[in-house]
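S.K.: Have a look at this one.
Coordinate-derived values only; no laboratory data. A quick note: this is a predicted structure, and the numbers were derived from the prediction, not measured. FYI the Cβ positions are ideal-geometry reconstructions off the backbone, even for glycines, and counts take in every protein chain you see.
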Amino acid sequence: MTIFQSDYANGRKVAPMSFAAGAPVQVRIDVTLPAGIKAGDIIEAMCLPAGTTIADAVLVADKGDSNATPALALDVGLMSGEWRDGAKTRDCGSELFAADTTARAGGVARMTRPAGFRIDKAPLHRSIGIEVATAPATQVAGAVVSLIVTIVS
């Protein structure tokens, strides 16, 4: 398992935060799937700031698997550890999307899992990750996965 980091997670971009009580903030991250991605690999995508929760999430994906029998499936959820934690032993939940197949042929999916809407506020920044639940049978080079999350305080 490898943990990759988005531009937000590695500090190249400043992660958006919610500053007004109850005011929604939408955060979008675009991630190119790394070449040779395998099942269990995780992309630390974005921050769920301390004191916030998730109001909605949308997954937008290019075609990521060109095989006649595509296999690619993604989980999206909270990662163990803290935001930008350098530990290599972190894992990723599936509170927002579980074994989602949108990235096989490309498309858009809206969060429908109750667990995603029930994430409690926490006193520390947490990471939202994208984990490869099932590796692509034939990976499409340069495929982009976008995650758009609406957070509220």
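S.K.: Remind me, relative contact order of the chain in percent, using alpha carbon pairs under 8 angstrom and six or more residues apart?
M.R.: Over the chain, the number comes to 40 percent.
S.K.: Please work out, to two decimal places, the log10 of the ratio I(q)/I(0) at q = 0.14, 0.22, 0.29 Å⁻¹ from a Debye calculation in which every Cα of segment 106-145 carries one identical scatterer.
M.R.: For segment 106-145 at q = 0.14, 0.22, 0.29 Å⁻¹, log10 I(q)/I(0) is -0.55, -1.02, -1.24.
S.K.: Based on the Kirkwood radius over alpha-carbon pairs, what is the Stokes-Einstein translational diffusion coefficient of the chain at 10 °C with 1.306 mPa s viscosity, in µm²/s?
M.R.: For these conditions, the coefficient is 104 µm²/s.
S.K.: Also: Determine ³J(HN,Hα), in whole Hz, for all residues of segment 132-147 in sequence, where each value follows from phi through the Karplus function 6.51 cos²θ - 1.76 cosθ + 1.60 and θ = phi - 60°; x replaces Gly and Pro.
M.R.: Using θ = phi - 60°, the values come out as 7, 6, 9, 5, x, 5, 9, 5, 8, 5, x, 5, 10, 10, 10, 10 Hz.
S.K.: Determine how many Å³ per residue the convex hull of the Cα atoms of segment 29-112 encloses.
M.R.: Taking the convex hull of the Cα positions in segment 29-112, it is 104 Å³ per residue.
S.K.: Report the local net charge at Gly106: Lys and Arg +1, Asp and Glu -1, summed over other residues whose C-beta lies under 12 Å from its C-beta.
M.R.: 0
S.K.: Here's a follow-up. So, counting K/R as plus one and D/E as minus one, what does the shell of residues with Cβ under 15 Å around Leu72 add up to?
M.R.: -3
S.K.: Lys13: which lysines have alpha carbons under 25 Å from its alpha carbon, excluding same-chain residues fewer than 8 sequence positions away?
M.R.: Lys88, Lys121
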